[in-house]
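Below: the structure, in structure tokens.
The values are calculated or read from the model by the stated rules, or taken from the named source; none is laboratory data. It should be emphasised that the depicted structure is a prediction, and the values quoted were computed from it without experimental measurement. Heads up, the Cβs are rebuilt from the backbone with ideal geometry, glycines too, and the neighbour counts pull from every protein chain shown. The area values use the complete protein model at the heavy-atom level, side chains included, leaving out ligands, DNA and RNA. Shrake-Rupley method; radii C 1.70, N 1.55, O 1.52, S 1.80 Å.
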Amino acid sequence: MKLTLHEIARVVETQNSVSEFDDVPLKNIEFDSRKITPGDFFLPLKGQRDGHDFIAQAFEKGAAATFSEKPVPGHPYILVEDCLKAFQQLASYYLERKRVDVIAVTGSNGKTSTKDMIASILATTYKTYQTQGNYNNEIGLPYTIMHMPAETEKIVLEMGQDRMGDIHLLSEIAKPHIAVVTLIGEAHLEFFGSRERIAQGKMQITDGMDSHGILIAPEDPIIDPYLPENQMVIRFGADQEIFVETIQEAKDSLIFKTNILPRPVHLPLTGKYNATNAMVASYVGKLLAVADEDIIDALEHIQLTKNRTEWKYTSNGVSILSDIYNANPTAMRLILETFTKIEPAGQGRKIALLADMKELGSDSIAMHSQLITSLEPDHLDYLICYGSDISELAQLASQLFPLGHVYYFKKTAEEDQFREMMACLEHLLQADDHLLLKGSHSMQLERILEQLL
């Protein structure tokens, strides 16, 4: 962060005079006082604890100054009405000052993978920075901006939404040059009420764009009413401007050909949806003049953010397809489609352990039950359902699958059901089996993964 105390004060319209304080250069801005190093700028935020309670600790660790919503006697500070809003305002200013091109990515599924792919492609040609981890909200996005290296030329920002208006705010902060919407699913349906409202919220990614902005969005009629009128719109999907021509799927990779690249791409990822994500990332690269061979090379050596879809292997020969970060019906169907097409070696069988999908609202049980159309006994040997809302799916599946091939365990605080499920699973699994783990992060499927590994 190449800013001084007085410059920050001018940007956020401070309510106190900072002329009495030296105009010192500030290193980084941190909202966790434990991360403060000498010369940093402290940001006290209000969460479970009020960050103002840690201002003294921040100065003890060497902070040069702080934002504050009340006077801080004896220390350099910038008085503001709202520290978070001042932080967001500062991040927006910093992007404009540094003249960095912003690529914004959102979607109900695939946004993190697509963000990683775009960043890898752009890094072949430009000094590129991207959202780290899951820093994709009203705090994480400006934090990412303020921590980008000074020489950054392109920044790829992931934008998440929990409530209507979240992405509007993030777009206004970042003012993207290129915006990508990967997919409109049912994530956070509990808070939005309908897929149409989710689409409306996601499409707010263009709100901060000027007339030169470019939107890349899927072929999905649900977003049509929300397409911008003053920006270029590129659609992807069958019969659209960019599309996947062919896909060959393997256990842990795929080969795909798209109309925008001269030759097939060998992608070291599973799931045909990743071919679409890679195609969209490729188009962003082409818009920014990255050479085709650099695009292909970046994709063929891609390393994604951890905790997304990946294969894990146990010592006794079981292959586990872990997709435990999040879940919604669209994502569940996509991973089941991929999983059921992959044939295990030898006498191996396919076992799916599906857990509750959270934040689906009043129709949650029905939306779980509708997954029965993605469960085929001819392509799946055993099904284990874990949770509460998924119970009716287990009942439906038990009528479809052979006797003894469907199990249901309820998630309880007492842990008895979890232990029974683990015992069942460990008894069931044998060498060469394939196991799918899929559910919302709050279902803690990582515990199952850790125990099996």
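Tabulated results
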| quantity | calculated |
| --- | --- |
| Matching residues, the range 234-249, being surrounded by fewer than 16 Cβ atoms within 10 Å (Cβ to Cβ) and either out of contact with any strand residue (DSSP E or B) (no Cβ under 7 Å at 6 or more places or on another chain) or not charged (D, E, K, R) (or both) | Gly237, Ala238, Asp239, Gln240, Thr246, Gln248 |
| Qualifying residue in the range 354-361 (condition: assigned to a loop (DSSP other than H, G, I, E, B) and free of Cβ contacts under 8 Å to residues at least 40 places away in the same chain) | no |
| Residues that are closer than 21 Å to Asp162 by Cβ and out of contact with any Ser or Thr (no Cβ under 8 Å at 6 or more places or on another chain), drawn from the range 326-367 | Pro329, Leu360, Gly361, Ser362, Asp363, Ser364, Met367 |
| Hits in the range 140-165 - residues which are open to solvent by 40 Å² or more (accessible area, probe 1.4 Å) and either touching a helix residue (DSSP H, G or I) at 6+ places or on another chain (Cβ under 7 Å) or under 24 Å from Met279 (Cβ atoms) (or both) | Glu153, Asp162, Arg163, Met164 |
| Qualifying residue in the range 246-269 (condition: among the hydrophobic types (A, V, I, L, M, F, W, C), touching an Asp or Glu at 6+ places or on another chain (Cβ under 9 Å), part of a loop (DSSP other than H, G, I, E, B) and over 29 Å from His301 (Cβ atoms)) | no |
| Boolean, Asp224 is surrounded by fewer than 18 Cβ atoms within 10 Å (Cβ to Cβ), out of contact with any Ser or Thr (no Cβ under 9 Å at 6 or more places or on another chain) and not in a helix (DSSP H, G or I) | no |
| Leading residue by the ranking (farthest from the chain's Cα centre (by Cα)) among those in the range 22-34 that are farther than 15 Å from Met146 by Cα and open to solvent by 30 Å² or more (accessible area, probe 1.4 Å) | Asp22 |
| Options Leu304, Leu321: the member that is more than 23 Å from Pro377 (Cα to Cα) and among the hydrophobic types (A, V, I, L, M, F, W, C) | Leu304 |
| The range 400-427: number of residues that are touching a residue at least 40 places away in the same chain (Cβ under 8 Å) and either part of a strand (DSSP E or B) or open to solvent by 20 Å² or more (accessible area, probe 1.4 Å) (or both) | 2 |
| Subset of the range 281-316 [among the small types (Gly, Ala, Ser) and surrounded by 14 or more Cβ atoms within 10 Å (Cβ to Cβ)] | Ala281, Ser282, Gly285, Ala298 |
| Any hit, the range 125-132, residues being in a helix (DSSP H, G or I) and closer than 23 Å to Val280 by Cβ | no |
| Some residue of the range 184-206 being open to solvent by 40 Å² or more (accessible area, probe 1.4 Å) and free of Cβ contacts under 8 Å to residues at least 24 places away in the same chain | no |
| The range 207-220: number of residues that are under 21 Å from Asn277 (Cβ atoms) and open to solvent by 40 Å² or more (accessible area, probe 1.4 Å) | 1 |
| Test set (1) open to solvent by 30 Å² or more (accessible area, probe 1.4 Å); (2) within 18 Å of Asp381 (Cβ to Cβ) - Glu359 fails condition number | (2) |
